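Right, one structure below, let's go through it.
The values are calculated or read from the model by the stated rules, or taken from the named source; none is laboratory data. This structure is a prediction, so every number in the text was calculated from the model and none was measured. Neighbour counts run over all protein chains shown; Cβ positions are idealised from the backbone, glycine included. The area values use the complete protein model at the heavy-atom level, side chains included, leaving out ligands, DNA and RNA. Shrake-Rupley method; radii C 1.70, N 1.55, O 1.52, S 1.80 Å.
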Protein chains: 2
Amino acid sequence: MATRTTPNGTSAARERLLATASELFYREGIHSVGVDRIVGEAGVTRATFYRHFPSKEDLVEAYLGVEDANIRAAFDAAESTGAEPRELVGLVIDGLADDVARHHTRGCPFINAAAEYPDADSGVRRAVASHREWFRSELEHVLEAADAPDPRLGAAELVLVRDAAMVGGYLDGWERVRPAFVASAHRAAGLPAPAAEPVVE
Amino acid sequence: MATRTTPNGTSAARERLLATASELFYREGIHSVGVDRIVGEAGVTRATFYRHFPSKEDLVEAYLGVEDANIRAAFDAAESTGAEPRELVGLVIDGLADDVARHHTRGCPFINAAAEYPDADSGVRRAVASHREWFRSELEHVLEAADAPDPRLGAAELVLVRDAAMVGGYLDGWERVRPAFVASAHRAAGLPAPAAEPVVE
DNA sequence: CACAAGATAGAACGATCGTTCTACTTCGAC
DNA sequence: GTCGAAGTAGAACGATCGTTCTATCTTGTG
């Protein structure tokens, strides 16, 4: 068969579509970005688009899949540093802060997507729900390993604080939100916070 | 002149349009709801719509104005109970929780709107920003009157926690979020929390 | 009553939405 | 070399987007 694929097995056109759409969906919203715009900026035609994705919604779900994979990779990286459990909690919190400050300055991709998809049974909302559940339980495991006082409640609070940081960072500016985030996150973890202000980067 | 107005001065058609649009915008998102749908459910024609609102965006801003007015009214009601300052903090936190549990089960109207309007200079985003600033300073005044340890930081944290509660209440379910919200909110205020929920620390 | 103005009605505008169509090219397997 | 499947190309589909049009009706004022 004739496959015009990249070394890792997926087509170059598909990768460009996904990268372009991810950027546009995040920066401008999903319903605001049409297929015309995506294929135009990806340097691809409509037919090519529909060869790779059955519909626009499949592309949206793939976009959320990319975001999900990125965050999982960040957790893996933090865990593979070999830091001991208590240290890892700090690494994770710093990593979340750094992510909001540098990459996710337009809010949370999942929260923003959910705002545009009211149907909880839709594929998009299901992707949002499963990502959030994974994220929460991952935090719970990290807190558990660190002997935090209440890993389950702590994880739930950390999710809340992270949600708030992304929203607040977008709407109010990260610099205004950072102090409240650092204080709240360490208190939510139930572990002693580092010295008052300095935030590791 | 021929004015078909209600006792309070605004036209009945305009009020129906605003009420219908507010409901639809909140429940289904803004870009997802077309003018056809709004005028249809409001029992009004397109021309009537454009007599009352120069464009759809003006209707969106009016919708945010309604939400803003509702929250201000809730604050006024809490303050007019004559509760003393420290008590008022508890009333406000309970009021916010009650609001998320009963009325705002689809997230925060302002956060959701901002997700669909990336341009920070747009009228919608300006309305969001000014509402948030009012909300934050209102909380700061309440905390200040109650002699909270750090009203400014406390208000910033309360905004964060409330944002998170609305997002979490929508995406994860209010019952799962409530314990974390109550604990975080009272700690953010810096005042003793009512011993009820399983509170850390 | 006559008149001007606000409110309503419903058709119609061009633009864009997501999607599908047919035609042409490029490759791997035989 | 031949065949067929995958990729590309660009026109075109009906539906809906936000908006504007002319015409009719209702109402307060002269």
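How large is the dipole of chain B about the Cα centre if only Lys and Arg carry +1 and Asp and Glu carry -1, each at its Cβ, rounded to the nearest 20 debye?
Once rounded to the nearest 20, the dipole reads 840 debye.
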Problem - Carbon plus sulfur fraction of accessible area for the protein assembly as shown, probe 1.4 Å, in percent - result: 52 percent
Problem - Computed lengthening from A:V35 to A:E87, 0.36 nm per intervening residue step minus Cα-Cα distance - result: 14.2 nm
Exercise for the section: May I ask you to list, by number, the DSSP H helices of chain A whose Cα span along the axis is at least 30 Å and whose average Kyte-Doolittle hydropathy reaches -0.5 or more? Expected result: A:56-79
Completion exercise
Buried accessible area between A and B, both sides, 1.4 Å probe, in Å² rounded to 100, is 3100 Å²
Exercise for the section: Using only the alpha carbons, work out the radius of gyration and Dmax of the protein assembly as shown in angstrom. Expected result: 22.8, 79
Exercise for the section: Have a look at B:M166, A:I71, B:A21 and report the one farthest towards the positive end of the charge dipole of the protein assembly as shown, computed about the Cα centre with Cβ charges (Lys/Arg +1, Asp/Glu -1). Expected result: B:A21
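Report, in debye and to the nearest 20, how large the dipole of the stretch B:46-138 comes out about its Cα centre when Lys and Arg carry +1 and Asp and Glu carry -1 on their Cβ.
400 debye
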Handout entry: Built amide H within the under 5 Å cut-off of A:G107, gap 5+
Key = A:Y170
Handout entry: Electrostatic dipole magnitude of the protein assembly as shown [Cβ: Lys, Arg +1; Asp, Glu -1; Cα centre; debye, to 20]
Key = 1560 debye
Completion exercise
Kirkwood Rh for the stretch A:7-53 from C-alpha pairs, in Å, is 10.8 Å
Problem - Debye log10 I(q)/I(0) at q = 0.11, 0.13, 0.15 Å⁻¹ for chain B, Cα point scatterers - result: -0.59, -0.78, -0.97
